[in-house]
1. Tell me, what is the percent relative contact order of the chain, built from C-alpha pairs under 8 Å that lie six or more residues apart?
2. Give me the aspartates and glutamates in straight-line cross-link reach of Lys244: C-alpha distance below 12 Å, same-chain residues under 8 apart excluded.
3. Quick one: if the Förster radius is 51 Å, what FRET efficiency do Glu119 and Ser276 give, using the C-beta to C-beta distance and rounding to 0.05?
4. Please check which bits of the stretch 178-206 a label hung off Lys387 would reach, taking the label as a point 7 Å along Cα-to-C-beta and the cut-off as backbone N under 17 Å.
5. Of the residues Gly163, Gly182, Gly108, which exhibits the maximal mean-square fluctuation in a Gaussian network model of the chain defined by a 10 Å Cα contact cut-off?
6. Using a Gaussian network model of the chain whose springs link C-alpha atoms within less than 10 Å, name the residue from Val405, Val348, Val305 with the highest mean-square fluctuation.
7. For a bin width of 10 Å, list the pair-distance distribution of the stretch 167-235 built from all Cα-Cα distances, rounded to whole %.
8. At what distance in nm do the modelled label points of Arg361 and Arg331 sit from each other, each positioned 7 Å from its Cα along Cα→Cβ?
Amino acid sequence: MPETELTMLETSHAYFNESCDLLELDDGMRQVLLNPWRELSVAVPIRMDDGGIRVFNGFRIQHNGVRGPYKGGVRFAPAADADHTNALAMLMTWKTALADIPFGGAKGGVQVEPSELSEDELHRLTRRYTSAISHIIGPNRDIPAPDMGTNAQVMAWMMDAYGQSHGYAPGVVTGKPIELGGSYGREAATGRGVCDVAALAASDVGIEMRGARIAIQGFGNVGSFAAQRMEEIGAKVVAISDVKSALYDNNGLDIDQILGHVAKTRTLEDCPGGESIANDQLLELDVDILIPAAIEGVITMTNAVDIKAKLIVEAANSPVTYGANAILEERGITVIPDILANAGGVIVSYFEWAQNIQRFRWPLERVNEELYSIISSAYLRAADMVKERQITQRSAAYAVAVGTVARATELRGFI
Ligand code: NAD
């Protein structure tokens, strides 16, 4: 266990190195798989509404493209610096490999607090960022998608900005509005996939999903759809939170009622139908399944000893720190890693891209069926490795993913 917490980049390197040891990969292959293939850093100047000019830092990092075009979200957040984007790009390489979909891994980001921009400023920022990276993206090169701070509208602007110089190409981004070639089921896909994987894992650790007590941190895209799906399959969501507040009801919250409140106020604050608790308390509740669906690094070496859930499903990217992961392992708490748990988003992004290329739309039922087929296969591939090698779900998921990319690298024969 480390003496202090590792950064997100150090964490992704540490898990990667562990999987290389397990797979007995040689040093050369480790270097090929560790280093990003391309790191682009751009200045994003925009005219603000008050007439002044501000310049934001933007990035697009393409970690590995051996299995297909790079794929990964764009994050608009103050913390979206080069190291952060690099760590997230690497996670995408393993996520697409574990799901066995034909993409590599990338991530983009602009260091900005989007809530401080007006709609017009956000629009100008998106167009400027897109044109700055447009020579390295494209339907067969690199396909961005939404992440924290970006949404379907931002993707529509990106598609339009790219199309102005490259022609109509809806497959350049995924997570678009339905009217512009988005896929049915994409918005809900990550949360739905989280629940599919949680149910598979619950059955392996002996939790009955019907009536299982669930706590979800984060009530944005992923958390809110996960909460709705959990309710649909008969689990009891007893706690949810957003950045400002947390809500708890031992008998189960009424998710529809909460969605109504959030649609009106954009926050969980003053939401009726539950007791208000401190945000940190949510993580330590006595529940069956804990779903961190907000930000990275929330389960730490400090609070990991107080976690009472039997199963943690990483809906956010990297919510459990490297040190906390070791503590949870020692305590026998099962953690389903991000590269498996939140893969539903990129899987349905793959369906969206395929539909755009075919100029053909799938009905929602087909999207959800094929999502389950792909994500459950990924779960089972990792679960087989867990049994075979007697290792954790995270080590197994990494080993399957890194092994897949290593084999593809050898077969391509470019080194
Ligand atoms: P979002 O911006 O829609 O929602 C984030 C939510 O977390 C909001 O409710 C916010 O208030 C809350 N939050 C922020 N800080 C918090 C804190 N300290 N405590 C409690 N709540 C807090 O983002 P999202 O798209 O739902 O993404 C959430 C996570 O899932 C991110 O780590 C993202 O990278 C990951 N993810 C998202 C997708 C996707 O399809 N959206 C896919 C894969 C992974």
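1. Numbers: 868 pairs, mean separation 70.8, N = 415.
The value is 17 percent.
2. Glu269, Asp270, Asp280
3. Values: r = 31 Å, r/R0 = 0.61.
The formula returns an efficiency of 0.95 here.
4. 200-206, by backbone N distance to the label point.
5. Looking only at Gly163, Gly182, Gly108, the largest GNM fluctuation is found for Gly163.
6. Val305
7. Taking every Cα pair in the stretch 167-235, the percentages come to 19, 40, 23, 13, 4, 0.
8. 4.7 nm
The values are calculated or read from the model by the stated rules, or taken from the named source; none is laboratory data. In this text, all values refer to a predicted model and were calculated from it rather than measured experimentally. Here the Cβ is made from the backbone with ideal geometry for all residues, glycine too, and neighbour counts use every protein chain on show. Calculation scope for accessible area: heavy atoms of the full protein, side chains included, ligands and nucleic acids excluded. Shrake-Rupley method; radii C 1.70, N 1.55, O 1.52, S 1.80 Å.
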